[in-house]
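In what follows, a structure is listed as structure tokens, so that the remarks can point back to it.
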Amino acid sequence: MTDDEGSLTETCPFCGRERSQWTENDGQGVVGGGLTYCSEECLLRDQARG
């Protein structure tokens, strides 16, 4: 399952931060691996832990 413009996650899959608190990409977060993260930092940390 992948996210698209119509079905965005409400929390970051890595840190759990709510979308209303996201600051990167004008609050849209960063997409990676079919998921949308609150920041590039969370994306990289999640990928690093495997």
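So the values come out like this:
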item	result
Residue check for Glu10: of a type in the set (D, E, K, R), modelled with pLDDT under 95 and touching an Asp or Glu at 6+ places or on another chain (Cβ under 7 Å)	yes
Among residues of the stretch 29-50, those that are part of a loop (DSSP other than H, G, I, E, B) and under 8 Å from the mean Cα position of the chain (by Cα), counted	3
Count of residues meeting criterion [open to solvent by less than 70 Å² (accessible area, probe 1.4 Å) and of a type in the set (A, V, I, L, M)] in the stretch 7-34	2
Any pair with Cβ under 7 angstrom, 6 or more apart, that starts in the stretch 26-50 at a residue that is more than 12 Å from Cys12 (Cα to Cα) and ends at one that is outside any helix (DSSP H, G or I) and open to solvent by 90 Å² or more (accessible area, probe 1.4 Å)	Gly34/Thr2
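The values are calculated or read from the model by the stated rules, or taken from the named source; none is laboratory data. For clarity, every value in this text was computed on a predicted model and none was experimentally measured. Because the Cβ atoms are built from the backbone with ideal geometry, glycine has one as well, and the counts that use them run over all protein chains shown. We work out accessible area using only protein heavy atoms, side chains counted, and drop any ligands, DNA or RNA first. Shrake-Rupley method; radii C 1.70, N 1.55, O 1.52, S 1.80 Å.
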